[in-house]
Amino acid sequence: MSRLRRICVYCGSSSGSDPAHRRAAHDLGAFLARCGLGVVYGGGNVGLMGAVADGALSENGEVIGVIPRSLMEKELGHGGVTQLHVVGSMHERKQLMVDLSDGFIALPGGFGTLDELFETLTWLQLSFHDKPVGLLNVAGFFDGLLAFISHMSQNGFLKPEHAACVLVENDPAALLERMESFRPPDLGKWIERLAAEAR
């Protein structure tokens with residue numbers, strides 16, 4: 001029995017300059033719905049966010065949006081989703097999205113997408129959750145980021161085991177399969193060891 005019931009999708013509020021990005025967002029939403037998985041996302045009706053929601057809804061999937069009140073007041077909320085949670089801040093938004101989800105997939109996006117991605121990875125690193133985090137590497141979009149993650153690890157700022165927690169595929173089915181089998185690394189009390197080294 002799958003431990004994944006809902007997948008949170010982080011992605012841009014813009015569609016980007018490559019039409020492949022919007023197609024991939026719509027297709028991912030539709031794919032997750034066909035797999036019987038609910039979609040949690042940022043609640044918007046624009047850009048890749050809107051495409052993900054529309055894709056899932058086209059397959060009668062569950063779509064839960066979480067949007068800050070300030071953006072809702074700008075009429076950016078999606079009116080057709082299953083549930084739309086309106087929250088007071090970006091911090092509340094990110095926490096609720098994590099709480100509602102069993103795994104996370106990042107699509108192309110900008111600062112906001114990377115903020116959500118890296119906060120979720122940091123929480124995984126600190127054992128605040130044990131949920132899988134994946135990148136759908138559409139048209140090589142994340143190649144530069146992956147090179148930098150490797151650079152951080154090579155320079156001693158990121159344990160290889162933590163770097164390996166970033167699951168990367170360019171096919172949704174392959175990514176979901178890896179997320180299903182993901183288990184966080186058991187590094188023991190590495191934070192305590194780090195503190196001892198600093199003394």
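The values are calculated or read from the model by the stated rules, or taken from the named source; none is laboratory data. None of these values were measured; they are calculated from a predicted model. Counting neighbours? That spans all protein chains shown, and the Cβs are built from the backbone with ideal geometry, glycine included.
Take residue 157 and decide whether it is over 14 Å from residue 103 (Cα atoms) and touching a residue at least 24 places away in the same chain (Cβ under 8 Å). No, not satisfied.
Yes/no per residue for (1) of a type in the set (Val, Ile, Thr); (2) farther than 20 Å from residue 36 by Cβ; (3) in contact with a helix residue (DSSP H, G or I) (Cβ under 8 Å, 6 or more places away or on another chain):
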{"residue": "131", "(1), (2), (3)": "no, no, yes"}
{"residue": "134", "(1), (2), (3)": "no, no, yes"}
{"residue": "137", "(1), (2), (3)": "no, yes, yes"}
{"residue": "143", "(1), (2), (3)": "no, yes, no"}
{"residue": "150", "(1), (2), (3)": "no, yes, yes"}
{"residue": "154", "(1), (2), (3)": "no, yes, no"}
{"residue": "162", "(1), (2), (3)": "no, yes, yes"}
{"residue": "165", "(1), (2), (3)": "no, yes, yes"}
{"residue": "172", "(1), (2), (3)": "no, no, yes"}
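Here is the figure for segment 125-143: residues that are modelled with pLDDT under 95, among the polar types (S, T, N, Q) and in a loop (DSSP other than H, G, I, E, B) total 1. Scan segment 103-124 for residues that are surrounded by fewer than 19 Cβ atoms within 10 Å (Cβ to Cβ) and either assigned to a loop (DSSP other than H, G, I, E, B) or not hydroxyl-bearing (Ser, Thr, Tyr) (or both) and the total you get is 8. Among the residues of this structure, residue 66 counts as one that is under 23 Å from residue 111 (Cα atoms), in contact with a Phe, Trp or Tyr (Cβ under 8 Å, 6 or more places away or on another chain) and part of a strand (DSSP E or B). Within segment 85-99, the set of residues being of a type in the set (A, V, I, L, M), surrounded by fewer than 18 Cβ atoms within 10 Å (Cβ to Cβ) and not in a strand (DSSP E or B) comprises 90, 96. Taking each residue of segment 1-28 that is free of Cβ contacts under 8 Å to residues at least 40 places away in the same chain and looking for partners that are hydroxyl-bearing (Ser, Thr, Tyr) and surrounded by fewer than 20 Cβ atoms within 10 Å (Cβ to Cβ) with beta-carbon atoms closer than 6 Å, six or more apart or interchain, yields 22/15.
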